[in-house]
Amino acid sequence: MNPNHKGQLYGQIFVYILTIVVVGFILIYGYRTITGFKDKANQVMLLQFEKDTKIIVQSIASDFGSVVKKELNADDKTNMVCFVENYEAFDRASPRSSDAINPIVMESIRSNSEINVFLIGDGIRKSFSTGRISVDNDILCIKPQNNAVILRLEGAGDHAIVSRWI
């Protein structure tokens, strides 16, 4: 056997190993980058949901008697959106809602927090105060359909009445 062939064989093995390492690095880096982009997109969607909700509640609240249908887009990790009454006082220890309420949301309600909108996934994805709203049974929870919640908002002069669009 020619000694040069043995050196070429070791050189080829080194090239194969180096190729596998480089390709593995590229795949891992690419996966992390794509996942990071998706997480950023979800964060942007949550911020847009908050902004849109605040704008529509504030604009409709003072327009007494007007009704609008609003579709709000949530991210794909949100599986429930809850709105909490903050216009009229209610028994915060035991709200009248028939929906199963997330324990973190219940704790926020019991602590008299100003927060009245909760996006829930694996825990609380986003929570914020949207202005004065009224909902039936103290708490309204809506499961997004195709990552969107469709609301009926009615102006009541000094607050907005929020309900499901049926």
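When Ser94, Ser113, Ser134 are sorted by how many other C-beta atoms sit within 10 angstrom of their C-beta, beginning with the fewest, the order is Ser94, Ser113, Ser134.
Exposure proxy shown here: for Phe90, Phe118, the number of other Cβ atoms within 10 Å sets the order, fewest to most, as Phe90, Phe118.
A crude spin-label estimate for the pair Gln43 and Lys143, with each label 7 Å from Cα along the Cβ direction, gives 3.0 nm. Counting only alpha carbon atoms, the long axis of helix 3-61 and the longest principal axis of the chain meet at about 10°. With both labels modelled 7 Å from their Cα along Cα-to-Cβ, the Ile104 to Thr35 distance reads 2.0 nm.
Bear in mind these aren't lab numbers, they're just calculated from the coordinates by the rules spelled out. Only a predicted model underlies this, so the values are computations on that prediction, with no experimental measurement involved. Cβ sites come from the backbone with ideal geometry, for glycine too, and all protein chains shown count toward neighbours.
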